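The values are calculated or read from the model by the stated rules, or taken from the named source; none is laboratory data. Treat the numbers as computed from the prediction; the structure is a model and nothing was measured. With ideal geometry, Cβ positions are generated from the backbone for all residues, glycine too; neighbour counts draw on all protein chains shown.
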Amino acid sequence: MPSVVESPSRSVSQADCLALDERDPLKHLKDRFDLPEGVIYLDGNSLGALPKSVKPRLAKAINEEWGKGLIRSWNDAGWYPAPKRAGEAIARLIGADRDEVIVCDSISVNLFKLLIAALRKRPERKIIVSEKGNFPTDVYINAEAAELMGCELRCVEPGDVQAAIEEAGDGLALLQLTHVHYKTGAIYDMAGLTRTVQKLGGLVIWDLAHSAGTLPVDLNGCRADFAVGCGYKYLNGGPGAPAFVFVARHHLPDLHQPIAGWHGHARPFAFAQDYAPHAGIEKMLAGTSPQLSLIALEEALTVFDGVDMQVLRAKNRTLGDLFIQLVDQELGAFGFELASPRESAERGSQVSLTHPQGYAIVQALIARGIIGDFRAPDILRFGFAAPYVGYEDIWNAIAALKDIMATGVWDQPQFHARQAVT
Ligand SMILES: *Cc1c(COP(=O)(O)O)cnc(C)c1O
């Protein structure tokens with residue numbers, strides 16, 4: 001791992017971090033967010049921060065569009081095409097064409113639609129490969145789809161994915177993986193795995209929950225088939241914001257997704273008895289969108305206006321490198337282990353540490369306004385959303401962590417009490 005300071009032999013100082021902030025080409029983006037005073041927010045990988053412009057946009061949506069426009073706003077305020085517009089804004093961030101992405105439902109629901117649709121394209125094949133330790137909803141939905149379609153789900157260790165694909169051979173229907181692992185931040189080789197699976201005649205569904213908005217995903221460059229992704233993490237759409245779904249254009253014509261709701265119909269307002277799917281990506285819609293959440297997400301996406309994703313990616317790599325370098329430099333005595341790849345090219349926009357007392361340590365950090373999160377059994381997760389996290393924030397977070405450990409503050413009883421959401 002290269003040092004974030006010129007001379008790798010000397011230690012990193014607070015002044016180095018300030019100098020990095022000074023030179024940061026994205027430092028102006030923090031101003032687009034409404035972050036509380038005294039908080040260092042390292043949890044944009046779970047719930048993105050609030051973009052300033054979302055507040056007036058939602059106020060307008062509630063007061064004028066809903067309050068005064070009422071049902072007319074589906075037409076007059078452009079509500080009806082909002083899922084498509086938000087999809088177009090996301091397309092640029094994930095290397096898709098504008099007519100291949102739409103915003104709707106949750107990842108869980110969209111994954112179900114894609115799984116069944118993809119398996120229907122490969123009726124003679126009966127094996128789904130996924131990862132042991134994939135995000136739980138992905139595993140549960142994979143299992144359910146497998147059962148419904150008479151398939152076998154093979155969840156294997158991350159290092160065994162390639163072998164499992166080869167073993168499945170021409171029985172392989174599809175591979176479903178999360179591109180950037182939610183716990184470790186490890187990145188799968190999207191281009192390579194997609195190629196391998198497609199050579200065998202299978203299909204791939206990528207979950208971009210921890211990729212979209214953090215690294216320049218290149219779905220079409222990788223000839224990806226299908227993908228889903230999250231609206232409320234790095235895309236900052238707000239709690240429970242709808243997710244997005246990508247279908248490569250060439251898969252659309254005969255794609256048959258199972259939640260055939262009226263918004264996916266070619267002519268929803270014909271109120272026809274028989275279902276006729278929309279020809280475009282709109283066929284992935286089911287019912288009416290949570291319109292206020294969708295409007296919030298659409299507005300939040302303007303945070304990325306004019307942002308070069310390569311530059312943003314370079315910043316989160318350096319933030320992660322700095323964090324790891326400071327963990328090594330400052331926290332050696334306290335029993336933390338690195339649970340993420342040390343090499344930033346192999347790591348998404350987060351660094352995870354393990355510690356047997358991880359839960360209490362994270363609570364003690366949160367009590368000081370440094371917000372990360374905990375993932376059972378022992379992972380402390382720190383997300384570096386480059387639009388609003390700076391280098392001095394990393395310095396301050398590590399300094400607080402060191403103090404919490406050195407003084408034993410983490411061991412106070414209130415930090416051991418488990419809450420419902422970690
Ligand atoms: C956050 C996350 C989800 C969330 O799914 P929803 O159904 O939208 O709540 C799914 N998969 C991964 C990998 C995630 O990180």
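Mind listing just one residue for me: the one in the stretch 107-138 that is in contact with a Leu (Cβ under 8 Å, 6 or more places away or on another chain) and more than 22 Å from Ile281 (Cβ to Cβ) and, of those, surrounded by the fewest Cβ atoms within 10 Å (Cβ to Cβ)? Give the steps one after another, and end with the answer.
Of all residues in the stretch 107-138, those in contact with a Leu (Cβ under 8 Å, 6 or more places away or on another chain) come to 115-119, 121-122, 125, 127-131, 134, 137-138.
In the following step, the residues that additionally are more than 22 Å from Ile281 (Cβ to Cβ) were identified as 125, 127-131, 134, 137.
On the way: Arg125: 20, Ile127: 22, Ile128: 26, Val129: 28, Ser130: 24, Glu131: 24, Asn134: 20, Thr137: 16.
Residue satisfying both the conditions and the ranking: Thr137.
In the set (1) more than 16 Å from the ligand (Cβ to nearest atom); (2) in contact (Cβ under 8 Å) with a residue 24 or more places away in the chain; (3) not assigned by TED's automatic domain parsing to the domain that holds Val217, the condition left unmet by Thr288 is number (3). Part of a helix (DSSP H, G or I) and within 16 Å of the ligand (Cβ to nearest atom), is that true of Gly44? The answer is no for Gly44. For Leu18, indicate whether it is among the hydrophobic types (A, V, I, L, M, F, W, C) and outside the structural domain of Leu401 (by TED's automatic domain parsing). Against the criterion (among the hydrophobic types (A, V, I, L, M, F, W, C) and outside the structural domain of Leu401 (by TED's automatic domain parsing)), Leu18 does not qualify.
Yes or no, residue by residue, for (1) at pLDDT 95 or above; (2) of a type outside the set (Lys, Arg):
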{"position": "Pro2", "(1), (2)": "no, yes"}
{"position": "Ser13", "(1), (2)": "yes, yes"}
{"position": "Leu20", "(1), (2)": "yes, yes"}
{"position": "Arg23", "(1), (2)": "yes, no"}
{"position": "Lys30", "(1), (2)": "yes, no"}
{"position": "Ala49", "(1), (2)": "yes, yes"}
{"position": "Lys52", "(1), (2)": "yes, no"}
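Okay, residues lined up against (1) closer than 18 Å to Pro341 by Cβ; (2) within 18 Å of the chain's Cα centre (by Cα); (3) in contact (Cβ under 8 Å) with a residue 40 or more places away in the chain:
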residue	(1), (2), (3)
Arg122	no, no, yes
Lys126	no, no, yes
Glu152	no, no, no
Val161	yes, no, no
Ala164	no, no, no
Leu174	no, no, yes
Met190	yes, yes, no
Gly213	no, yes, yes
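Just one residue in the set Ala376, Ala367 is of a type in the set (A, V, I, L, M), farther than 22 Å from Tyr234 by Cβ and at pLDDT below 95; that residue is Ala376. Only one of the numbered conditions (1) within 16 Å of the ligand (Cβ to nearest atom); (2) over 30 Å from Lys183 (Cα atoms) is violated by Ile62, and that is (1).
For the stretch 103-127, what are the residues that are away from the ligand (no atom under 15 Å from the Cβ) and either within 19 Å of Ile259 (Cβ to Cβ) or not assigned by TED's automatic domain parsing to the domain that holds Ala260 (or both)?
Initial filter on the stretch 103-127 (away from the ligand (no atom under 15 Å from the Cβ)): 116-127.
Within the stretch 103-127, Ile116, Ala117, Ala118, Leu119, Arg120, Lys121 meet the criteria.
Listed residues Pro36, Pro83; which is within 16 Å of the ligand (Cβ to nearest atom) and within 27 Å of the chain's Cα centre (by Cα)? Explain how you work it out, then say what you get.
Working: Pro36 fails: within 16 Å of the ligand (Cβ to nearest atom).
From the options Pro36, Pro83, the qualifying one is Pro83.
Listed residues Phe112, Phe135; which is among the aromatic types (Phe, Trp, Tyr) and in contact with a helix residue (DSSP H, G or I) (Cβ under 6 Å, 6 or more places away or on another chain)?
Working: Phe135 fails: in contact with a helix residue (DSSP H, G or I) (Cβ under 6 Å, 6 or more places away or on another chain).
That would be Phe112, the only listed residue that is among the aromatic types (Phe, Trp, Tyr) and in contact with a helix residue (DSSP H, G or I) (Cβ under 6 Å, 6 or more places away or on another chain).
Out of Ser108, Ser130, one residue alone is hydroxyl-bearing (Ser, Thr, Tyr), touching a residue at least 12 places away in the same chain (Cβ under 8 Å) and outside any helix (DSSP H, G or I). It is Ser130. Can you tell me which residues in the stretch 139-159 are part of a helix (DSSP H, G or I) and touching a helix residue (DSSP H, G or I) at 6+ places or on another chain (Cβ under 9 Å)? Within the stretch 139-159, Tyr140, Ile141, Asn142, Glu144, Ala145, Ala146, Leu148 qualify. The residues of the stretch 215-246 that are more than 10 Å from the chain's Cα centre (by Cα) and under 12 Å from Leu285 (Cα atoms), listed by number, are Pro242, Phe244, Val245, Phe246. Cβ-Cβ distances below 8 Å connect the following pairs, each with a first residue in the stretch 235-259 that is over 27 Å from Met309 (Cα atoms) and at pLDDT 95 or above, a second residue that is within 13 Å of the ligand (Cβ to nearest atom) and part of a helix (DSSP H, G or I), and a separation of six or more residues or different chains: Gln257/Lys113; Gln257/Leu114; Pro258/Phe112; Pro258/Lys113; Ile259/Val109; Ile259/Phe112; Ile259/Lys113.
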